[in-house]
Amino acid sequence: MSDTIKLHYNVSPDDFTRAGEASGDVKSKLKKMGVSPEAVRKVAIAMYEGEINMVIHADGGYIDVEISEEDITMVLVDMGPGIADIEQAMQAGWSTAPDNIRSLGFGAGMGLPNMKKYSDYMDIETKIGVGTKVTMKVNM
Amino acid sequence: MTVNDIKNLLNAEILCGENFKDREVHTACGSDMMSDVLAFVKDQSVLLTGLCNPQAVRTAEMMDIVCIVFVRGKQPDESMLELAEEREIVIMSTPMRMFPACGILYENGLRGGVDN
């Protein structure tokens, strides 16, 4: 019972149409495991926004997911440009996404605020020119 | 209101998920910005959108949205329909524009959720 399940996903950089595959997969796995619908939805939304961010801003990267009895941990790592001002990036409506992203339905400046809203814990480590690591946890 | 009621009210055509047309819909959301949709979590919603790309279906998947209505006669491609079919999401297309489509559903009792 105390087994931790580990999942690893590569997020491909330029295929916007495939963004969300990893989140969709995690969602269906959690559902099959009988995790509460509330927790499943929180994980799905938080991870999906993160996955979209990695495609829009950071040339992709990878996501590690760990499912334990207590919580679900998502670690999203990219080697993108980094976030210059996290506080500003956390403000709802603030975005650096180009116009072509807005025409795809994203870039409204709601990504990070939504990730914060739907996770029970979130931490961002970022370095300009090196990349960003976002850790999110959702309680069971 | 059921998915089928929405189809009739909006003079829409069901493009996939015909088997689920008797499912109940409790709330609605009209937006082309998927992050705004993701900020709004309500049960058993219908999404009205003019954004016709796979991310509209992905967003519906993450949110457990019951049905997507593409406004202004937009037609999803085969890959979107396949994805929706797998996830048991009903997709329909209406010739109506966003504002009248939302207005008709509102007039017939559908609301945006507890926040409005």
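Step by step: first the residues of the stretch A:12-28, then only those that are under 13 Å from A:ILE67 (Cβ atoms) and buried (at least 16 other Cβ atoms within 10 Å of the Cβ), then the one that is nearest to the other protein chains (Cβ to nearest Cβ). Which residue is that?
A:LYS27
Of the numbered conditions (1) more than 17 Å from A:ILE124 (Cα to Cα); (2) within 14 Å of chain B (Cβ to nearest Cβ), A:SER68 fails exactly one; give the number of that condition.
(2)
Taking the stretch A:54-65 as the search range and keeping residues that are aliphatic (A, V, I, L, M) and not in a strand (DSSP E or B), which one is nearest to A:TYR121 (Cα to Cα)?
A:MET54
Do we find that B:ASN4 is more than 19 Å from B:GLN55 (Cβ to Cβ), part of a helix (DSSP H, G or I) and away from chain A (no Cβ under 14 Å) in this structure? Outline the logic, then answer.
Working: more than 19 Å from B:GLN55 (Cβ to Cβ): yes; part of a helix (DSSP H, G or I): yes; away from chain A (no Cβ under 14 Å): yes.
In short, yes.
From B:ALA28, B:ALA39, grab the single residue that is within 13 Å of another protein chain (Cβ to nearest Cβ), over 14 Å from B:PRO76 (Cβ atoms) and not polar (S, T, N, Q). Walk me through it before giving the result.
Working: B:ALA28 fails: within 13 Å of another protein chain (Cβ to nearest Cβ).
On inspection, the qualifying residue turns out to be B:ALA39.
Filter the stretch A:72-106 down to residues that are more than 8 Å from chain B (Cβ to nearest Cβ), part of a loop (DSSP other than H, G, I, E, B), buried (at least 19 other Cβ atoms within 10 Å of the Cβ) and touching a residue at least 40 places away in the same chain (Cβ under 8 Å), then give me how many there are.
Counting residues in the stretch A:72-106 that are more than 8 Å from chain B (Cβ to nearest Cβ), part of a loop (DSSP other than H, G, I, E, B), buried (at least 19 other Cβ atoms within 10 Å of the Cβ) and touching a residue at least 40 places away in the same chain (Cβ under 8 Å) gives 2.
Report yes if A:VAL40 is surrounded by 18 or more Cβ atoms within 10 Å (Cβ to Cβ), assigned to a helix (DSSP H, G or I), aliphatic (A, V, I, L, M) and free of Cβ contacts under 8 Å to residues at least 40 places away in the same chain, otherwise no.
Taking the combined requirement at face value, the residue satisfies it.
No value in this document is a laboratory result; all are computed from the given coordinates. Predicted model, so just to flag it, every value in this text is computed and none were measured. Neighbour counts are summed over all protein chains in view; Cβ atoms, including those assigned to glycine, are modelled from backbone coordinates with ideal geometry.
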